[in-house]
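Reviewing the structure listed below.
Coordinate-derived values only; no laboratory data. In this text the structure is predicted, and so the values were computed from the model without any measurement. As a convention, Cβ positions derive from the backbone with ideal geometry for all residues, glycine included, and neighbour counts pool all protein chains shown.
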């Protein structure tokens, strides 16, 4: 994201999410900003596929932000200039492009129900929308995920898909392993906050724990909530 600074090279920038619900930016650049030149707000990080192409890792989709700028002369700051931005709200996201990717690194073929022998598997999904990085994930042996009353435990998590290991994945915690000889269901959707409207869940992803399934050792996954 770029903005133009027109009156001063000393600037203080704030990007504030709607209702203060979500990540934002409060920045005084450690270098002078060139007047009338584009200045890039640091909202991006490495592409989720590991390439060098930068992608947004801060701005959540489907919600608006306020951009505030104040300029100074090196000794004092002036009044805030504030502008409501809808650039993120204009990003229409859905769960339609989300699909089951892999279990413990083994690709899952579309339309199949994988059988696994690991009660603490790493569950990976793919998303056709590369701008999305923050997800809600639910996992349960209840195919309705508690929507029709309490039937079984539901694992519910917020996952930063850019720093999970591997990307866009969830690892069942070792303290709460899945049950052998049991069918499990998982669904995922992009996380919407602020003044955004939540989107529907993805299609349900199904897999089967074998009767002799046991917990296997995995690298510790990083699970981070974006507040």
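Computed extension gain for residue 12 through residue 106, at 0.36 nm per residue and net of the alpha carbon distance, reaches 29.1 nm.
Please list 150-160, 134-144, 12-22, 183-193 highest first by mean number of surrounding beta-carbon atoms within 10 Å per residue.
183-193, 134-144, 12-22, 150-160
Using the Cβ-Cβ distance between residue 144 and residue 81 with R0 set to 41 Å, the FRET efficiency works out to roughly 0.25. Subtracting the Cα-Cα distance of residue 197 and residue 181 from 0.36 nm times their residue separation leaves 2.0 nm of extension gain. Arranged from fewest to most other beta-carbon atoms within 10 Å of their beta carbon, 117, 171, 64, 75 become 75, 117, 64, 171.
Compared with the direct C-alpha span, the chain from residue 154 to residue 210 gains 18.2 nm at full extension, assuming 0.36 nm per residue.
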